[in-house]
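S.K.: Below are the structure tokens for one structure; questions will follow.
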Amino acid sequence: MRFRPFALGIYFLLLTVVAVAQQPATQTPAPDSPEALKQQIERMQRRLNDWPNLERYKEANAKVPPLEKNEARVVFLGDSITDGWKLAEYFFGKPYINRGISGQTTPQMLIRMRPDVIAHKPKAVVILAGTNDIAGNTGPMTIEMITDNYASIAELAKANGIKVIFASVLPIHDYGKNKISEKRSPENILKLNDWLKAYCKANGHTYLDYFSKMVDEKGMLKSDLANDGLHPNAEGYKIMAPLAEAAIQQTLKKR
């Protein structure tokens, strides 16, 4: 059989397309593969170079405008629960700044206080932290180590004329495929919340109680408020938003 030049070209082009289509798609490397190890080392290197992740909001911080007269600016400082909270949707028109970073612990937030909170001269700061400390995200931590960091964050805020709102650590649940309580003990969550409540009362700060409004009869996070047992979904944030707003307004009235 003879092929004309044009037909022959089309024939080889089709062969090339078929060959490319049959090549396997890019896949996530196996956990014990050299590529996975390389990616892990790169992540560790980035963390070592910027452990508190100051780079995350460096550009955004530079764009924050000067505080306007009578502006009730508030900064939300926290971990992934804050990071994933679309404040503009839940607090429309409010001068609230989100400075949450997924996975963070209280020692990292303590380092971030000056560039991510104090520099913006807010009237108040809402602090939601502690669940990742319990989980040991940046190494093992005792309850005392966590509460020491809470106190240091509050003292820095107070020294700079910023009113303090400490949010309770949220409950977790084990109703999904992951057993969240293995790393985040409900007992330790209660210990942190008891400390926060007492500390706020003793020092004139505001205790923002998310916990009691989101916990079920078993002491777990209500299943419909978080799909993964840890991070609030839209329904969870709907409960949190009015509680946060009430705490902010209460705090701003304090002298």
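The values are calculated or read from the model by the stated rules, or taken from the named source; none is laboratory data. For clarity, every value in this text was computed on a predicted model and none was experimentally measured. Every residue, glycine among them, receives a Cβ derived from its backbone with ideal geometry; neighbour counts consider all protein chains shown.
S.K.: So N132 ticks every box in (1) in contact with a helix residue (DSSP H, G or I) (Cβ under 9 Å, 6 or more places away or on another chain); (2) more than 30 Å from A72 (Cα to Cα) but one. Which box is left unticked?
M.R.: Answer for N132: the failing condition is (2).
S.K.: Can you give me the number of residues within region 234-255 that are more than 12 Å from M214 (Cα to Cα) and in contact with a Phe, Trp or Tyr (Cβ under 6 Å, 6 or more places away or on another chain)?
M.R.: Of all residues in region 234-255, those more than 12 Å from M214 (Cα to Cα) come to 234, 241-242, 244-255.
From the residues that got through so far, the ones that are in contact with a Phe, Trp or Tyr (Cβ under 6 Å, 6 or more places away or on another chain) too are 241.
Residues flagged as more than 12 Å from M214 (Cα to Cα) and in contact with a Phe, Trp or Tyr (Cβ under 6 Å, 6 or more places away or on another chain) within region 234-255 amount to 1.
S.K.: Limited to region 201-247, what total is found for residues that are assigned to a strand (DSSP E or B) and of a type in the set (F, W, Y)? Reasoning before the result, please.
M.R.: Going through region 201-247, the residues assigned to a strand (DSSP E or B) turn out to be 206-208, 215, 221.
Still in the list and also of a type in the set (F, W, Y): 207.
Of the residues in region 201-247, 1 are assigned to a strand (DSSP E or B) and of a type in the set (F, W, Y).
S.K.: Being in contact with a Phe, Trp or Tyr (Cβ under 9 Å, 6 or more places away or on another chain), free of Cβ contacts under 8 Å to residues at least 60 places away in the same chain and of a type outside the set (D, E) narrows it down to one of L221, L192, so name that one.
M.R.: On the way: L192 fails: free of Cβ contacts under 8 Å to residues at least 60 places away in the same chain.
Going through L221, L192 in turn, just one is in contact with a Phe, Trp or Tyr (Cβ under 9 Å, 6 or more places away or on another chain), free of Cβ contacts under 8 Å to residues at least 60 places away in the same chain and of a type outside the set (D, E): L221.
S.K.: Let me ask something additional. Can you find, within region 45-65, the residue that is surrounded by the most Cβ atoms within 10 Å (Cβ to Cβ) among those that are in contact with a strand residue (DSSP E or B) (Cβ under 9 Å, 6 or more places away or on another chain) and not in a loop (DSSP other than H, G, I, E, B)? Step through it out loud before you land on a result.
M.R.: Initial filter on region 45-65 (in contact with a strand residue (DSSP E or B) (Cβ under 9 Å, 6 or more places away or on another chain)): 56-57, 60-61, 64.
Checking the rest, the ones that are also not in a loop (DSSP other than H, G, I, E, B) come to 60-61.
On the way: A60: 12, N61: 16.
Looking at the filtered set, the residue picked out is N61.
S.K.: A follow-up question, please. Pairs needed: first member in region 239-250, closer than 12 Å to V74 by Cα; second member anywhere, modelled with pLDDT of 95 or more and hydrophobic (A, V, I, L, M, F, W, C); C-beta distance under 6 Å; at least 6 residues apart or different chains.
M.R.: The qualifying pairs are A247/I165; A247/L208; I248/V74.
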